[in-house]
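Everything below concerns the one structure shown next.
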Amino acid sequence: MGDSRILRRRFSSRYRLAFGLFWLLLVGMSSMVAFAQQKTAEEDATIAQSLAEMLRDARAIISNNQGRINDPEIGDKGLSAKVVLDQAVETYKKDTGIDPMTVDPASRHGRLLRAMMGAISEVMDANQTTINAKGIGFKAFIPAVFGRLVAESFARLANGEAELKVTAPPELVRNRKARPDSFEEKIIKTKLIEPAWPRGQPYSEMTDAKGRPAYRVMVPEYYAASCLTCHGTPKGEMDITGYPKEGAKQDDLGGVISITLYR
Ligand code: HEC
C-alpha cells in the first residue's frame with residue numbers, strides 16, 4: 001500500500017516534469033517558427049522594395065534622356081546597357097545606402113536583384129537600333145514601355161521565383177498586358193485609391209498567386225506634371241503615342257508596381 005503511493009507520487013512528478021519539458025519545447029518551437037516566418041516576411045519586403053527601387057532608378061534614366069532619345073538629329077545616344085545600368089546602380093546606392101553589387105549573389109535577394117539588373121541590360125541591348133536610329137523623332141521608347149519590357153525579361157530571368165508588373169487602375173490601363181489581376185484590382189480599389197491611404201505606402205500581403213503561396217507587394221505611383229502631356233487633359237484627345245489621354249490630374253494614382261515573390 002505504502003509502496004504504491006510512493007510509486008504513484010513518483011510517477012506523477014515525473015509525468016509533470018515530462019509534461020513541463022514538452023510544453024517548453026512546444027512554446028520554444030512555435031516561437032522559433034513565428035520568428036522564422038517574421039524574418040522571411042521582412043526579407044520578402046526588403047527584396048520587393050529593392051526590385052522596385054532598381055526598376056524605378058533605371059526607368060528614371062530613360063525619362064531623363066527622353067529628349068535625347070527622341071532627337072532625330074543624333075545617331076548614337078550613348079545609352080548602352082552598361083551606361084544605363086551603371087547610372088541605375090549609382091542612384092540605387094544614393095537612395096538606399098547599399099551597393100547592389102555587394103548583395104550576396106547566392107542569397108534570394110542577390111539572385112533576384114541580379115535578375116532585375118540582367119533584365120535592364122537585355123532591354124537596353126535589344127533596343128539599341130531603335131534608340132540610335134537617325135532621322136526618326138518619336139520612337140515609342142518611353143519609360144512605360146521600358147518598364148513593361150524589363151518586367152517581361154525579369155519574369156524569364158527570375159525563373160518562376162518572382163514576377164513584377166507595372167499595372168494601373170483598370171480604367172487607366174492602356175496596354176492589355178498591364179491589366180491588373182483580381183488581387184491587384186481589389187487592392188487598388190479598396191486600399192491604394194482611398195484618399196486615406198498614406199501616400200506612397202506599399203501594400204503587402206501573404207496570399208497565393210497562380211495557385212502558389214506568395215508574398216505580394218503593391219507600390220503606388222502617382223502622376224507628376226511631366227506625365228500629363230500624355231495622361232492628362234483634355235480627356236480623349238490623342239497623345240503623341242496615339243492613345244487617348246485619360247484626363248488625369250497631378251498626384252492622382254497613376255500606376256502600381258506589383259511584385260510577387262513565390263514561396
Ligand atoms: C509620351 C507619353 C507618355 C508619358 C509622358 C507618360 N506615359 Fe505612361 N504610358 C504611355 C503609354 C504609350 C503607355 C503604354 C505603354 C505600353 O505599351 O506598355 C503608358 C503606360 C503607363 C502605365 C502602365 C499601365 C498601362 O496603362 O499600360 C503607367 C502606370 C503609366 N503609363 C504611368 C505614367 C506615369 C506615372 C508617367 C509620368 C511619370 C507617365 N506614365 C508618363 C505614355 C506616356
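The values are calculated or read from the model by the stated rules, or taken from the named source; none is laboratory data. Predicted model only: the values in this text are computed from it and were never measured. Backbone-built Cβ (ideal geometry, glycine too); neighbour counts: all protein chains shown. What goes into the accessible areas is simple: the full protein's heavy atoms, side chains included, and nothing from ligands, DNA or RNA. Shrake-Rupley method; radii C 1.70, N 1.55, O 1.52, S 1.80 Å.
Sorted from largest down, what three extents in whole angstroms do the Cα atoms of the chain have along their principal axes?
For the chain, the Cα spread along each principal axis is 108, 38, 31 Å.
Hey, with R₀ at 35 Å, roughly what FRET efficiency would Glu237 and Lys134 work out to, going by the Cβ-Cβ distance, to 0.05?
Working: r = 30 Å, r/R0 = 0.86.
The calculated FRET efficiency here is 0.70.
Using 0.36 nm times the number of residues separating Asp104 and Val33, minus their current alpha carbon distance, what extension gain do you get?
Gain on extension, Asp104 to Val33, equals 23.1 nm.
Over region 17-162, with every protein chain in place, what whole percent of the accessible area is carbon and sulfur at 1.4 Å, could you tell me?
It is 61 percent, rounded to a whole number.
Once you place label points 7 Å from the Cα toward the Cβ at Glu42 and Arg5, how far apart are they in nm?
Roughly 5.5 nm, to one decimal.
Which of the residue pairs Lys94/Lys189; Lys93/Lys189; Lys39/Lys249; Lys39/Lys210; Lys191/Lys245 have a Cα-Cα distance greater than 30 Å in the structure shown?
Exceeds cut-off: Lys94/Lys189; Lys93/Lys189; Lys39/Lys249.
Net charge near Ala225, counting Lys/Arg +1 and Asp/Glu -1 over other residues with Cβ under 11 Å of its Cβ?
Taking every Cβ under 11 Å from that of Ala225, the sum is 0.
For region 161-263, calculate the relative contact order in percent as a whole number, restricting contacts to Cα pairs under 8 Å that are 6 or more residues apart. Present the calculation step by step, with values, prior to reporting the outcome.
Details: 184 pairs, mean separation 35.6, N = 103.
Over region 161-263, the number comes to 35 percent.
Grab the Cα-Cα distance for Leu17 and Arg156, subtract it from 0.36 nm times how many residues apart they are, and report the gain in nm with one decimal.
Values: separation 139, 0.36 × 139 = 50.04 nm, distance 5.53 nm.
Stretched out fully, the Leu17 to Arg156 stretch lengthens by 44.5 nm.
If one puts a single equal scatterer on every Cα of region 60-181 and applies the Debye formula without solvent, what log₁₀ I(q)/I(0) results at q = 0.13, 0.19 Å⁻¹?
-0.59, -1.12
Just from its helices, what would the mean residue ellipticity at 222 nm be for the chain, if runs of 4 or more DSSP H residues each count -39500 (n - 2.57) and the sum is divided by every residue, rounded to the nearest 500 deg cm²/dmol?
On the way: 8 runs with 131 residues, N = 263.
Calculated mean residue ellipticity at 222 nm is -16500 deg cm²/dmol.
Dividing the convex hull volume of the Cα atoms of region 52-131 by its residue count, what figure in Å³ per residue is obtained?
Spread over its residues, the Cα hull of region 52-131 gives 79 Å³ apiece.
Kirkwood hydrodynamic radius (Cα pairs, Å) of region 161-263? Before the final figure, lay out the partial values.
Numbers: mean 1/r = 0.0697 Å⁻¹.
Evaluated over region 161-263, this radius sits at 14.4 Å.
Where in region 218-253 is the amide nitrogen less than 19 Å from a point lying 7 Å along the Cα-to-Cβ axis of Asn64?
Hits in region 218-253 for Asn64 at 19 Å: 224-227.
State in Å² the accessible area per residue of the chain; use a 1.4 Å probe, count heavy atoms of protein chains only, and round to the nearest integer.
For the chain, the solvent-accessible area averages 57 Å² per residue.
Fully extended, how many nm does the chain gain between Arg212 and Asp86 (0.36 nm per residue separation, minus their Cα-Cα distance)?
Details: separation 126, 0.36 × 126 = 45.36 nm, distance 3.49 nm.
Going from the current span to full extension adds 41.9 nm.
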